[in-house]
Amino acid sequence: MNKTIRKVGYATLTESSTGEITYGKPVWFKSDKAGGRSIGAEPIGDSNTIYADGLPIIVASANGGYTISLELISAVDDIEKDWFGNDEATEGGIIEKGGIKVMPRFALLAAKETYKGDKLYEIDTYFDCVAARASRNDKTSEGNFDPQFPTFTVTAKPRPDNDFVRYTSYADTLPDSVVVPTVKATKSAAPAGQASSDNTKAVKG
């Protein structure tokens, strides 16, 4: 059971011409600038069940990642530049251009306070994300404090090199780098008189 969002952050993603993926240093949003208000992730992909003799024999699921709805206090300049590829103006402020462009990729990190175990944070890392432009909603004050908050739609897809979508980890401190885990080896059953072997499989979100 999670109690509350503690921090939201991201790390820029770069893929080389040979397919090697690297991340920049995570940027954790300041709570009073772009603190997280809510985050929800809806799975992308279909699940199919094959029946035989009146029983479900095979259940197959296609994991295409998640569609994430993320509400923040505001859209800071780092988001404008690193999520949407907008330019910083010499005079100050942000310039948004029209036309077609490939959106920047990044890892999205959400740290939540948790009751599970003896660690302070449960951290969800979505490895390969792109964001859609948020709606811009403003309205006049009518005597009451009625703040408007931006909601971002982020698509988290599998990494092309290992199919990793999400990694949930537990820690007492916020990570200063994107942790890409290794899959724990599992022991397969071996025939009598033979030693069992360890096989490593990639975790797919």
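The values are calculated or read from the model by the stated rules, or taken from the named source; none is laboratory data. This is a predicted model, so every value here is computed, not measured. For neighbour counting, all protein chains shown are included, and Cβ atoms are generated from backbone atoms with ideal geometry for every residue, glycine included. Heavy atoms of the whole protein, side chains included, go into the accessibility calculation; ligands, DNA and RNA do not. Shrake-Rupley method; radii C 1.70, N 1.55, O 1.52, S 1.80 Å.
For segment 1-19, the tally of residues that are touching a residue at least 24 places away in the same chain (Cβ under 8 Å) and outside any strand (DSSP E or B) stands at 2. Take the conditions touching a residue at least 24 places away in the same chain (Cβ under 8 Å), touching a strand residue (DSSP E or B) at 6+ places or on another chain (Cβ under 6 Å) and open to solvent by 70 Å² or more (accessible area, probe 1.4 Å) and apply them to LYS119. Does it pass? Criteria met by LYS119.
Pairs meeting the criteria (first residue in segment 148-164 and on the phi < 0 side of the Ramachandran plot and of a type outside the set (Phe, Trp, Tyr), second residue assigned to a loop (DSSP other than H, G, I, E, B) and open to solvent by less than 10 Å² (accessible area, probe 1.4 Å), beta carbons under 9 Å, at least 6 apart or on different chains) are VAL154/TRP83; ALA156/VAL165; LYS157/VAL165; PRO158/VAL165; ARG159/VAL165.
Filtered by the rule that a residue be part of a strand (DSSP E or B) and touching a Phe, Trp or Tyr at 6+ places or on another chain (Cβ under 9 Å), segment 64-85 gives GLY65, TYR66, ILE68, SER69, LEU70, GLU71, LEU72. A search for C-beta distances below 6 Å between a residue of segment 167-193 that is among the acidic types (Asp, Glu) and any residue that is part of a loop (DSSP other than H, G, I, E, B) and modelled with pLDDT under 90, counting only pairs 6+ apart in sequence or on different chains, returns ASP172/LYS119; ASP172/LEU120. If only residues of segment 23-39 that are over 15 Å from the mean Cα position of the chain (by Cα) and small (Gly, Ala, Ser) are counted, the one that is farthest from LYS7 (Cα to Cα) is ALA34.
Listed here are the strands (runs of 3 or more DSSP E) enclosed by segment 86-181 that have at least 2 residues being small (Gly, Ala, Ser) and at pLDDT 90 or above: 106-114, 121-132, 166-171.
Considered as a group, the residues in segment 11-57 that are at pLDDT 95 or above and touching an Asp or Glu at 6+ places or on another chain (Cβ under 7 Å) include one that is surrounded by the fewest Cβ atoms within 10 Å (Cβ to Cβ), and that residue is LYS25.
Scanning segment 1-10 for residues that are of a type in the set (Lys, Arg) and open to solvent by 60 Å² or more (accessible area, probe 1.4 Å), we see that the one that is farthest from VAL180 (Cα to Cα) is LYS3.
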